[in-house]
Amino acid sequence: MTMPAPVVVWLRNDLRLADNPALAAACAEGPVVILYILDEDPRVRPLGAASRWWLDKSLRALAADVERAGGRLTLRKGPASAVVRQVVAETGARGVYWNRLYDRPSVDRDQDLRTSLEAGGVACRDFNAGLLNEPWDVTTLAGGPYRVFTPYWRAARSKAEAQRAQGRVTTITAPARAPVTDAVDAWDLHPTAPDWSTGFGMWRPGEAGAWATLKTFLDGPANGYLTGRDIPGRDGVSRLSPYLHFGEIGPRQVWAAAQDRLATGEIDTGQVEGYLRQLGWRDFNHQLLFHFPRMARASFDSRFDAMGWLEDAEGLEAWKRGRTGFPIVDAGMRQLWSTGWMHNRVRMIVASFLVKDLMIDWRIGEAWFWDTLVDADLANNIANWQWVAGSGADAAPYYRVFNPVLQGEKFDPEGDYVRRWLPELTGAATSRIQQPWRADQGVPGGSAYPRPIVNHSDARERALAAYERVR
């Protein structure tokens, strides 16, 4: 009996076998070519270095999972549209299925590819695997997109509740003629000379790692989430962001798992709702970028395009390296460099410091996060930076300038987080840990820890004056 022509499943940010509708649909129809492309389309933003590190490990985990199910993962590098067409020609595929992305360059590329394939008689199907609600699912009464989160979430939550995660694909039929695949080693995704990822051992990329991380969160920190999420020195958050970004777990799966714990009484309603709201914020950011693609490169609020940002190479370098003289800022930046991740509360503090204390363009900070975060999600990265900068859709008030000392004293009162990431301050008294320059005996470690590179009060007044001018 002749094996039917295969379907190509083009994976992107959906590196999992469970709740993967494109993969499930293809597997139900016959043999499948599972394809991942390291996309070199000039329209699509290339991955940052930390994301490349994660992708290396995630693809290895996925390849093993696919093989256990009977299939084979095909890896190719190049402009995605050309690569897909090439694989279709090589395998005689009758269809190409994928799960949707929502940034404008990806949307345009996918539509161009669909048009080309369908003109040649190749069926195309696309699905939602990455969001609770897609950008067009939740609209205002006037039919437009929401610009403010709270009313968005009121409208979106009930729709999200109705979504259901699909089961896991357990059997994959490989085609009779498998396409040639690249070796993941040939892509040089892991850093060398030097290997700066030695501190990334806290992570376990892949679908199994995602579920283990979710279980750890639900077993403990989830029940104190509303307070624990703001304390960077405590394990109070889920750390699921990179797994969600790479699609090793989907938001519908996280939603269902949290609701299961609520149903058994293991976690109370307030804690669950606080966490699910973060999934809603993620959706909100994706719908913003979909409807307002301009914000990927310019201020959502166009008035802020006139902001007189400063060029401060020394200040920027001090910020990147965690040498600003403000402990909570420096601890965050060193955590980022060491682990590829930073606590969310501290992300807001370090972003505010760059944009408002140093008056450096938010796009420069966003680019640094893009390169150094393992969870560098385009929509979240851009929307959150614009939130802090005051130029976004649901932005912090322009006059909100985080005081790094007060933020440290409020959210790291014992200095646990600072001491973890700034060893030169290990011996500092708790009463002075967030402002060690005021210690009676000077800064512990002598000159090892710098004095503040700006006077925050003066910097705040400068920022407020600049913001007033553009308003």
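The values are calculated or read from the model by the stated rules, or taken from the named source; none is laboratory data. Computed from a prediction, not measured in an experiment: that's the story for all the values here. Don't worry about glycine lacking a Cβ; one is built from the backbone with ideal geometry, like all the others, and counts go over all protein chains shown.
List of remarks:
- Subset of the stretch 266-285 that is among the β-branched types (Val, Ile, Thr) and crowded, with 17+ Cβ neighbours inside 10 Å - its residue that is farthest from residue 166 (Cα to Cα): 267
- Neighbours by Cβ (under 8 Å, 6+ apart or cross-chain): first from the stretch 241-267, free of Cβ contacts under 8 Å to residues at least 60 places away in the same chain; second of a type in the set (Lys, Arg): 267/261
- Lone qualifier among 114, 177, 109 - being closer than 20 Å to residue 35 by Cβ and touching a strand residue (DSSP E or B) at 6+ places or on another chain (Cβ under 8 Å): 114
- Residue within the stretch 167-188 that is touching a Phe, Trp or Tyr at 6+ places or on another chain (Cβ under 9 Å), in a helix (DSSP H, G or I) and either touching a residue at least 12 places away in the same chain (Cβ under 8 Å) or not assigned by TED's automatic domain parsing to the domain that holds residue 58 (or both) present: no
- Residue selected from the stretch 162-175 under the condition surrounded by fewer than 12 Cβ atoms within 10 Å (Cβ to Cβ) and at pLDDT below 95, by the criterion nearest to the chain's Cα centre (by Cα): 164
- The number of residues in the stretch 1-50 that are buried (at least 22 other Cβ atoms within 10 Å of the Cβ), farther than 19 Å from residue 182 by Cβ and out of contact with any Lys or Arg (no Cβ under 9 Å at 6 or more places or on another chain) comes to 3.
- Filtered residue count, the stretch 387-436, keeping only those that are farther than 22 Å from residue 337 by Cα and in a helix (DSSP H, G or I): 9
Matching residues to (1) under 29 Å from residue 436 (Cα atoms); (2) of a type outside the set (Ser, Thr, Tyr); (3) touching a helix residue (DSSP H, G or I) at 6+ places or on another chain (Cβ under 7 Å); (4) buried (at least 21 other Cβ atoms within 10 Å of the Cβ):
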position	(1), (2), (3), (4)
251	no, yes, yes, yes
264	no, no, no, no
287	no, yes, no, yes
291	no, yes, no, no
300	no, yes, yes, yes
320	yes, yes, yes, no
346	yes, yes, yes, yes
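- The numbered conditions (1) assigned to a loop (DSSP other than H, G, I, E, B); (2) assigned by TED's automatic domain parsing to the domain that holds residue 45; (3) in contact (Cβ under 8 Å) with a residue 60 or more places away in the chain are all true for residue 121 except (3).
- Test: residue 216 is under 30 Å from residue 334 (Cβ atoms), modelled with pLDDT under 95, out of contact with any helix residue (DSSP H, G or I) (no Cβ under 6 Å at 6 or more places or on another chain) and not assigned by TED's automatic domain parsing to the domain that holds residue 392: no
- Summed over the stretch 70-94, residues that are touching a residue at least 60 places away in the same chain (Cβ under 8 Å) and over 30 Å from the mean Cα position of the chain (by Cα) total 7.
- Which listed residue, of 201, 250, 209, is over 18 Å from the mean Cα position of the chain (by Cα) and either of a type in the set (Asp, Glu) or modelled with pLDDT of 95 or more (or both): 201
- Any helices (runs of 4 or more DSSP H) falling wholly within the stretch 19-92 and containing at least 3 residues that are of a type outside the set (Gly, Ala, Ser) and out of contact with any Ser or Thr (no Cβ under 9 Å at 6 or more places or on another chain): 49-68, 80-91
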